[in-house]
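Shown next, in structure tokens, is the structure this report addresses.
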Amino acid sequence: MKLFHYLRTPYHIPLLTLAAPMILSNISVPLLGLVDTAVIGHLSHAHYLAGIALGSGSIALLFWLASFLRMSTTGEIAQAFGEKNQTRSYQSLLASLAIALFSALTLIGLSPFLLDIIERLANPSSDVMAQASTYFSIRIYSAPAAMMNLVLLGFMLGLQYGKGPFYVVLFTNIVNIVLDLLFVIGFEWGVAGAAWASVIADYSALILAVCLTASLLKQRGWTFAWRLPNREHLMHLLTLNKDIFIRSLVLQLCFSFMTFYGARLGENTLAANAVLLNFLMLVSFALDGIAYAVEAKVGQAKGERDVEKLKAWVAVSILWGGVFALLYCITFALFGPMIINMLTSIPSVVETALIYLPWLVVLPLIAMSCFLFDGVFVGLTKAKEMRNSMIFSALFGFFLPVFLLLDHGNHALWFAMSCFMALRGVTLIYRYRKLGVQNALLK
């Protein structure tokens with residue numbers, strides 16, 4: 001009954017206003033991958049496309065694992081915003097930028113070692129590896145810009161400026177697409193051209209993000225000051241980032257297992273799973289957008305020490321998350337076969353994907369809670385709980401069901417993924433209820 005009480009509250013419009021730009025920016029990201037594929041796919045040999053797929057996929061994984069920078073920054077800044085504590089905001093921003101720069105330079109230094117790992121794991125042909133190495137060795141130099149962008153996006157989101165991240169992501173994609181066409185097709189630089197296009201786009205986006213951040217601070221009447229964090233604050237941020245990084249790593253391990261074990265079940269199953277994982281990507285567009293918004297709103301409520309607001313933001317996010325999840329379920333039930341046929345025209349892959357489509361029809365509702373409560377715990381800066389929930393859910397919700405049901409083949413994988421998502425939601429809700437809203441505000 002309490003949930004229905006919040007149907008009459010004024011919290012809906014602010015949440016959706018903050019979520020909408022994030023949903024739009026999520027939707028714009030796959031467009032870049034499609035353009036990269038289309039541009040490189042028209043070169044003379046298949047190894048160009050395979051090489052960029054391997055190189056860009058490896059970079060994407062590394063940068064995705066660095067998403068802890070955005071998440072921790074959003075939570076910290078949202079709480080400081082609620083407290084109206086400019087000193088804490090500046091300390092958190094500068095400390096996060098320093099951590100981002102150090103992480104990026106470390107990646108650059110380790111890049112030869114990382115390339116060797118990629119080659120050993122993927123075991124590609126020499127032509128494919130040559131192209132992947134070319135792309136990776138150039139693109140890795142965008143790491144400082146990409147990682148500092150994550151911090152600035154988190155900073156803007158923490159200050160409730162959802163349009164800023166949207167502008168940055170959209171600008172990055174436009175610059176990248178234009179330079180892709182110019183460098184690859186116009187200048188005929190091949191895979192190297194695609195890599196340089198991304199590097200320039202990332203640094204251009206960093207300039208825009210800095211300008212938007214400066215403009216935002218000016219609008220809020222804040223005067224920027226160099227306030228180095230004290231040791232206690234820096235250690236808090238490092239611990240927060242470490243826990244979120246471990247959480248992200250375990251999550252990626254489960255998805256990677258889906259791919260690698262699916263490969264053992266045959267190429268049709270591998271291809272079908274790749275198609276069906278796009279359904280999860282579609283789900284993440286809306287649910288991640290709501291989760292990003294609730295990160296900022298819950299963090300602000302914690303900073304204000306406002307129990308009623310925190311409960312309201314959580315309840316309203318559950319309501320809208322449920323609405324979007326239900327819409328996805330209906331869409332996949334009605335149009336799932338059509339979506340599969342849009343993603344692949346290979347009859348055997350379509351036939352295989354249709355067998356496992358029912359799992360994707362119910363998965364949005366199953367996964368909704370884990371998306372949203374990740375956002376709640378980011379806003380509360382309770383990363384330890386997120387880490388423990390992820391590890392427990394991976395062990396007992398994913399890997400245990402897989403190994404108990406190995407004889408059921410790919411159904412075992414999708415059952416395990418469903419259990420994994422459900423258990424993440426259940427454990428996070430349990431931790432949230434056990435923590436108590438009052439304690440969440442005070443600790």
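Since every read-out is calculated from the coordinates, none of them should be taken as a lab result. The structure presented is a predicted model; accordingly, all values stated were derived computationally and were not measured. All Cβ positions, glycine included, derive from the backbone under ideal geometry; neighbour counts span all protein chains shown.
Please identify, among 296, 353, 209, the residue showing maximal mean-square fluctuation in a Gaussian network model of the chain using a 10 angstrom Cα cutoff.
Of the options given, 353 has the highest mean-square fluctuation.
For every other residue with a beta carbon closer than 14 angstrom to the beta carbon of residue 390, add +1 if it is Lys or Arg and -1 if Asp or Glu, then tell me the sum.
+4
Rank 128, 151, 376 by mean-square fluctuation in a GNM of the chain with C-alpha springs under 10 angstrom and give only the top-ranked residue.
Evaluated over the chain, the most mobile residue of the options is 128.
Please give the calculated 222 nm ellipticity per residue for the chain, where each DSSP H segment of at least 4 residues contributes -39500 (n - 2.57) and the sum is spread over every residue; nearest 500 deg cm²/dmol?
Result for the chain, helices only: -29500 deg cm²/dmol.
Return the single residue from 344, 381, 259 with maximal mean-square fluctuation; model: Gaussian network over the chain, springs between Cα atoms under 10 Å.
344
To the nearest 20 Debye, how big is the dipole of the chain about its Cα centre, given +1 on the beta carbon of each Lys and Arg and -1 on that of each Asp and Glu?
My answer is approximately 1880 debye.
For the chain, which DSSP H helices look membrane-span-like by this rule: Cα extent along the axis of 30 Å or more and mean Kyte-Doolittle of at least -1.0?
Those that pass (Cα extent of 30 Å or more, hydropathy at least -1.0) are 12-41, 86-122, 190-219, 231-264, 267-304, 307-343, 347-379, 410-435.
Would you count, across the chain, every pair of lysines whose alpha carbons are under 17 angstrom apart, provided the pair is eight or more residues apart or spans two chains?
Taking the Cα cut-off of 17 Å, the pair count is 26.
Give the separation of the Cα centroids, segment 324-369 to segment 83-132, in Å.
Going from one Cα centre to the other spans 34 Å.
For segment 157-243, rounded, prolate or oblate, judged on the Cα gyration tensor with a ≥ b ≥ c (square roots of eigenvalues), a/c < 1.5 rounded, else prolate if a/b > b/c?
prolate
How big is the convex hull of the Cα atoms of the chain, per residue, in Å³?
Each residue corresponds to 143 Å³ of Cα convex hull volume.
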